[in-house]
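Novice: Please see the structure below; I have some questions.
The values are calculated or read from the model by the stated rules, or taken from the named source; none is laboratory data. Only a predicted model underlies this, so the values are computations on that prediction, with no experimental measurement involved. Cβ coordinates were reconstructed from backbone atoms using ideal geometry, including for glycine residues, and neighbour counts include every protein chain displayed.
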Amino acid sequence: MKLILKETIERVGNMGEVVDVANGYARNYLLPKGLGLLTTPRNVKAQEHLKKVVEDKIKKEKRQIEDIAQKISALSLTIPVQVGEAGQLFGSVTARDIADAILTQGIEMDRHNVLLEKPIKELGSFYVSVKMPHDITAQVKVEVTPNV
């Protein structure tokens, strides 16, 4: 029996594919659980339309994320920190500090998306990568300056 899968099923197929499965498996498992649709002309057209809608939505979302990545790359963040007499930092600049600084610029960012290998423990300029959805990354310039 030929079915259109509504979800990805291991060893059967991926969502949206037309697969040929045993009649009993289709009647007793896939159809009652809502995991598949019969391949009627109406269902095939509906599935093709749904694929186009999802692809368009993904393209639009990707463009928006690229715009945000460009805004992040254009940023130059200044993070003031307390330093000792010898210019040694009290503490360090972490991914959370950078995410908070990006948030003050009006761009919402989760600290887990800031790719900082180790906390910054010295004054100066650094480029930090920010991971975005759809495998997009942005570089933000971070200036660590002494707090006056």
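Novice: Exactly one of these conditions fails for F90: (1) free of Cβ contacts under 8 Å to residues at least 24 places away in the same chain; (2) not assigned by TED's automatic domain parsing to the domain that holds V130. Give me its number.
Specialist: (2)
Novice: I need the full set of residues from the range 8-60 which are exposed (fewer than 12 other Cβ atoms within 10 Å of the Cβ) and in contact with a strand residue (DSSP E or B) (Cβ under 8 Å, 6 or more places away or on another chain), in order please.
Specialist: Matches in the range 8-60: N14, D20.
Novice: Of the residues H49, H112, only one is outside the structural domain of N14 (by TED's automatic domain parsing) and either aromatic (F, W, Y) or assigned to a helix (DSSP H, G or I) (or both); which? Quick ask: steps written out before the conclusion?
Specialist: Values: H49 fails: outside the structural domain of N14 (by TED's automatic domain parsing).
Of the residues listed, the single one that is outside the structural domain of N14 (by TED's automatic domain parsing) and either aromatic (F, W, Y) or assigned to a helix (DSSP H, G or I) (or both) is H112.
Novice: Would a scan of the range 76-96 turn up a residue that is surrounded by 14 or more Cβ atoms within 10 Å (Cβ to Cβ) and closer than 16 Å to H134 by Cα?
Specialist: No: zero hits.
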